[in-house]
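Working notes, beginning with the structure itself.
The values are calculated or read from the model by the stated rules, or taken from the named source; none is laboratory data. A quick note: this is a predicted structure, and the numbers were derived from the prediction, not measured. Glycine gets a Cβ as well: all are built from the backbone with ideal geometry, and neighbour counts include every protein chain shown. These accessible areas exclude ligands, DNA and RNA; they are computed on the full protein's heavy atoms, side chains included. Shrake-Rupley method; radii C 1.70, N 1.55, O 1.52, S 1.80 Å.
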Amino acid sequence: MSTLPAHLDLLIVGGGPVGGALALSLADSGLSIGVIEARREPGKDARALALAHASSAALAAIGVWPANAATAIHTVHVSQQHSFGRVKLDRSELDLPALGYVMPYGALATAIHKQLPAQSHIHYLTGARVTEVATLDGYAAVTLERDGETHLITTRLAVLAEGGALLGSVGIAQGSRAYDQHALVAEVETDRPHRHQAYERFADDGPIAFLPVGGESNRYAVVWTRPENDPLQASTLADADFLVQLQDRIGERVGLLQSVGPRAHFPLTLRWASQHYARRTVVIGNAAQTLHPVAGQGFNLGLRDALTLARLIKATPADRLGETNMLERFDALRRTDSLATIGFTDNLIRLFGMEAPPIRAGRALGLAALGNCKPLRRSFAHRMVFGNA
């Protein structure tokens, strides 16, 4: 679509995987839906998404599951460097075909980008930037710029799926905490197949995730958390030196590291909205919260935001969309899951960042207890797959 109607029932700011999933979940609702995306088309993105099984099932249900790009995770191995105690989570304990899947961000974004224009009730506008959201009692007024022109669109309900900078314009406060860390992402090859096992390794100087990619291959997507002022300068190390340092921290549980592809890095900051709604507006996904990548919960949490909102919208008469009772209901439905997941990931970083010997010993005992107690282990795995809702 090159234009949007002047008025819509629902306008979603952000056509990425979360905003796009919300729109596609409502494609058969009969509502007039607009989706505004800043990019013309999905660009290259080095990130790999760790999708819980529940997320993959939800995406498949709305027709955007690029199965050929997905690699199943059957088991997750969690350990701490230079310490005893480990946890192995297995799909069999939840009676699932997989605990989750690893998906290139670009593959999922492209699938959604192709599906949105095919829906008759969805007006998909790319290359447009929202500059302001103003709210009144009866509607929200969204100002956007595209190709040097400014447009004003009104809607019963505005959804911010991206664009946390817009929260202030609708009166939602945003908290933040800089981790003074960055995530270094790369793909590595080892000398043996991954066998669909993922690893979360709490190394002495930052957590490392090894996520299996490429079907039955011997490749992993690596997310290595490094200090902001990295004494290793790991992002610019020669490949051979990089592999030596990474091998030292992961050990030989993944096999011997053979090669590493291009590296990218980005800063890590926790951000959260003080609430999930304002007048005629709700916030979901990255606009509601951005998390540390440890445990891979960020996208799954955002998708649960979108799916909960879709169910609530379907249960609300069109002329009642965006009314206060509905918005308060959405906030109540999402508050527990959001706060628990944010707290869980943030506390993991805090806990494993403490190096006092008693705390290290306590962490080791905790991992050992979790690894050897099936009910606890199963409960933990269930939380990782299905969230806290």
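Counting only residues that are surrounded by fewer than 23 Cβ atoms within 10 Å (Cβ to Cβ) and out of contact with any strand residue (DSSP E or B) (no Cβ under 8 Å at 6 or more places or on another chain), how many does the range 300-318 have?
Result for the range 300-318: 9.
So, of the residues in the range 152-166 that are open to solvent by 20 Å² or more (accessible area, probe 1.4 Å) and in a loop (DSSP other than H, G, I, E, B), which turns out to be nearest to residue 301 (Cα to Cα)?
Only one residue tops the list, namely 162.
For the range 236-289, how many residues meet the condition of being assigned to a strand (DSSP E or B), under 25 Å from the mean Cα position of the chain (by Cα) and not small (Gly, Ala, Ser)?
So the count comes out to 14.
Going through the range 255-281 one residue at a time, which ones are over 17 Å from residue 185 (Cα atoms) and open to solvent by less than 60 Å² (accessible area, probe 1.4 Å)?
Within the range 255-281, 255, 270, 273, 276, 277, 278, 280, 281 qualify.
Evaluate the following for residue 171: is it open to solvent by less than 40 Å² (accessible area, probe 1.4 Å), touching a strand residue (DSSP E or B) at 6+ places or on another chain (Cβ under 7 Å) and not basic (Lys, Arg)?
Judged against the criteria, residue 171 is not a match.
From the list 223, 282, 254, 294, which residue is modelled with pLDDT under 95 and not polar (S, T, N, Q)?
The conditions single out 294.
When the residues of the range 378-389 are narrowed to those that are open to solvent by 30 Å² or more (accessible area, probe 1.4 Å) and of a type outside the set (A, V, I, L, M), which ends up nearest to the chain's Cα centre (by Cα)?
386
Could you list, in sequence order, all residues of the range 188-216 that are in contact (Cβ under 8 Å) with a residue 40 or more places away in the chain, open to solvent by 10 Å² or more (accessible area, probe 1.4 Å) and either more than 22 Å from residue 85 (Cα to Cα) or of a type in the set (Lys, Arg) (or both)?
Of everything in the range 188-216, those that are in contact (Cβ under 8 Å) with a residue 40 or more places away in the chain, open to solvent by 10 Å² or more (accessible area, probe 1.4 Å) and either more than 22 Å from residue 85 (Cα to Cα) or of a type in the set (Lys, Arg) (or both) turn out to be 189, 191, 192, 195, 201, 213, 214, 215.
For the range 342-365, name all the residues that are open to solvent by less than 40 Å² (accessible area, probe 1.4 Å) and within 16 Å of residue 294 (Cβ to Cβ).
If the condition is that a residue be open to solvent by less than 40 Å² (accessible area, probe 1.4 Å) and within 16 Å of residue 294 (Cβ to Cβ), then 342, 343, 344, 345, 346, 348, 349, 352, 363 are the ones that fit.
Here are the criteria: (1) touching a residue at least 40 places away in the same chain (Cβ under 8 Å); (2) not in a loop (DSSP other than H, G, I, E, B). Tell me which single one residue 169 does not satisfy.
Single failed check for residue 169: (1).
If you go through the range 82-105, how many residues are closer than 15 Å to residue 42 by Cβ and either aromatic (Phe, Trp, Tyr) or open to solvent by less than 20 Å² (accessible area, probe 1.4 Å) (or both)?
Of the residues in that region, 2 qualify.
For the range 29-59, which residues satisfy the criterion of being over 20 Å from the mean Cα position of the chain (by Cα) and either open to solvent by less than 30 Å² (accessible area, probe 1.4 Å) or over 26 Å from residue 138 (Cβ atoms) (or both)?
31, 33, 34, 40
Do any helices (runs of 4 or more DSSP H) entirely within the range 297-388 hold 2 or more residues that are in contact with a helix residue (DSSP H, G or I) (Cβ under 6 Å, 6 or more places away or on another chain) and among the small types (Gly, Ala, Ser), and if so, which?
Fully inside the range 297-388 and qualifying: 298-314.
Could we say that residue 177 is surrounded by fewer than 16 Cβ atoms within 10 Å (Cβ to Cβ) and either polar (S, T, N, Q) or in a strand (DSSP E or B) (or both) here?
Yes, satisfied.
Consider the range 110-151. How many of its residues are of a type in the set (Lys, Arg) and open to solvent by less than 70 Å² (accessible area, probe 1.4 Å)?
Count: 1.
With respect to the numbered conditions (1) crowded, with 17+ Cβ neighbours inside 10 Å; (2) farther than 20 Å from residue 174 by Cβ, which one is the sole condition not fulfilled by residue 284?
Only one criterion in (1) crowded, with 17+ Cβ neighbours inside 10 Å; (2) farther than 20 Å from residue 174 by Cβ is unmet by residue 284, namely (2).
Can you tell me how many residues in the range 217-227 are within 22 Å of residue 180 (Cα to Cα) and surrounded by fewer than 20 Cβ atoms within 10 Å (Cβ to Cβ)?
Final tally of qualifying residues: 1.
Residues are listed down the side, and each one gets a yes or a no for (1) touching an Asp or Glu at 6+ places or on another chain (Cβ under 9 Å); (2) of a type outside the set (A, V, I, L, M, F, W, C); (3) closer than 23 Å to residue 78 by Cα:
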{"site": "196", "(1), (2), (3)": "yes, yes, yes"}
{"site": "207", "(1), (2), (3)": "yes, yes, yes"}
{"site": "221", "(1), (2), (3)": "yes, no, yes"}
{"site": "237", "(1), (2), (3)": "no, no, no"}
{"site": "246", "(1), (2), (3)": "no, no, yes"}
{"site": "249", "(1), (2), (3)": "yes, yes, yes"}
{"site": "272", "(1), (2), (3)": "no, no, no"}
{"site": "275", "(1), (2), (3)": "yes, yes, no"}
{"site": "280", "(1), (2), (3)": "yes, yes, no"}
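Give 321, 339, 309, 327 a once-over and let me know the one that is under 17 Å from the mean Cα position of the chain (by Cα) and farther than 30 Å from residue 92 by Cα.
From the options 321, 339, 309, 327, the qualifying one is 309.
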